[in-house]
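Novice: This structure is in structure tokens; I'll ask about it shortly.
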Amino acid sequence: MSTTLGDSVQTQILKHESHKLHHEFPVAVGVTIVKGALVTLNTAGALVLADENSTIDTIIGNAVMDAAAETVCTVMMRPHLITYGVSAGALDAGAVALTGNTTNAAGLYEFDQAGSEPLTQGYALEPATGAGQVIRIAHRA
């Protein structure tokens, strides 16, 4: 049940953890995001609304603001950490699995597109066109 604040404002998000990771994402073409909505990334790394095909492995969090297509939207994310990793091959933005390999002198871990692997680590925040590309990974808790 939402609580009225003043005469014309009604809360959409009643409570949240103050230490939750918040991150801005571009909103996909043709998509309108509503505050509180569950969101996921399309293959290019833009926000889309979660639908009946979305799973716990694809939903990245909740929108904390209304946003129109081709703007940015802040998301209160399920993950608690964003780090760099490298791609094992071409991959889309979205759920990724840890391969267990480190592939460069910086010691970055390698990630591949998640399937049904039990080691789904989190989400690639952008696509990679080939192996060895540095990408941002939002790690699930």
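The values are calculated or read from the model by the stated rules, or taken from the named source; none is laboratory data. Computed from a predicted model, the values in this text were never measured in an experiment. Cβ coordinates were reconstructed from backbone atoms using ideal geometry, including for glycine residues, and neighbour counts include every protein chain displayed.
Novice: Looking at the stretch 48-77, which of its residues are of a type outside the set (Ser, Thr, Tyr), touching a Phe, Trp or Tyr at 6+ places or on another chain (Cβ under 9 Å) and under 18 Å from ARG140 (Cβ atoms)?
Specialist: The answer is ASP57, ILE60, VAL75, MET77.
Novice: Can you name every residue in the stretch 45-73 that is among the small types (Gly, Ala, Ser) and touching an Asp or Glu at 6+ places or on another chain (Cβ under 8 Å)? Break it down into steps so the answer makes sense when it comes.
Specialist: Start the filter on the stretch 45-73 by keeping residues that are among the small types (Gly, Ala, Ser), which leaves 45-46, 50, 54, 61, 63, 67-69.
Once the filter is applied, which keeps residues that are among the small types (Gly, Ala, Ser) and touching an Asp or Glu at 6+ places or on another chain (Cβ under 8 Å), the stretch 45-73 yields only GLY45.
Novice: Moving on to the next point. Spot the failing condition for LYS15; the list is (1) over 13 Å from GLY94 (Cα atoms); (2) at pLDDT 95 or above, and only one is missed.
Specialist: Against the list (1) over 13 Å from GLY94 (Cα atoms); (2) at pLDDT 95 or above, LYS15 comes up short only on (2).
Novice: Let me ask another. Read through the list (1) small (Gly, Ala, Ser); (2) at pLDDT 90 or above; (3) over 13 Å from the mean Cα position of the chain (by Cα), then give the number of the only condition that ALA50 fails.
Specialist: Result: ALA50 fails condition (3) only.
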